[in-house]
Amino acid sequence: MPDVPQDPADALAAVVALRRLADQLEDAAVEHAMRTGWGWPRVAEALGVTRQAVHRKHVKRLIDAGVELRRRES
């Protein structure tokens, strides 16, 4: 088990910071994958989630960012 800060508030703040960083990294990686031609099924498989889950989480942000989304992967 990793060293945990003595103060629970510090430990929990670290968890929050890591979650935010992980979310930012996921957003950037998904956007890059979609911009390079990946489809929802491939992104979902790489993340270990369903296509529906990754679509629901990222579609609005990607559209707002001007990413051209593929309808179906052949």
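So the values come out like this:
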| quantity | calculated |
| --- | --- |
| For the chain: rounded, prolate or oblate by the Cα gyration tensor [a/c cutoff 1.5] | prolate |
| Value of [θ]222 nm, deg cm²/dmol, for the chain, DSSP H segments ≥ 4, -39500 (n - 2.57) each, nearest 500 | -22500 deg cm²/dmol |
| Length released on extending from THR50 to ILE63, taking residue separation times 0.36 nm less the Cα-Cα span | 2.7 nm |
| Mean separation of Cα contacts under 8 Å, 6 or more apart, over the residue count of the chain: relative contact order % | 29 |
| Cα-based helix-to-principal-axis angle, 51-64 vs the chain, degrees rounded to 10 | 80 |
| Where GluC sites (Glu not before Pro) fall in DSSP loop in the stretch 23-74, at most 14 other Cβ within 10 Å | GLU68, GLU73 |
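No value in this document is a laboratory result; all are computed from the given coordinates. Note that the structure is predicted; figures quoted are calculated from it, not measured. Glycine also receives a Cβ, built like all others from the backbone with ideal geometry; neighbour counts cover every protein chain displayed.
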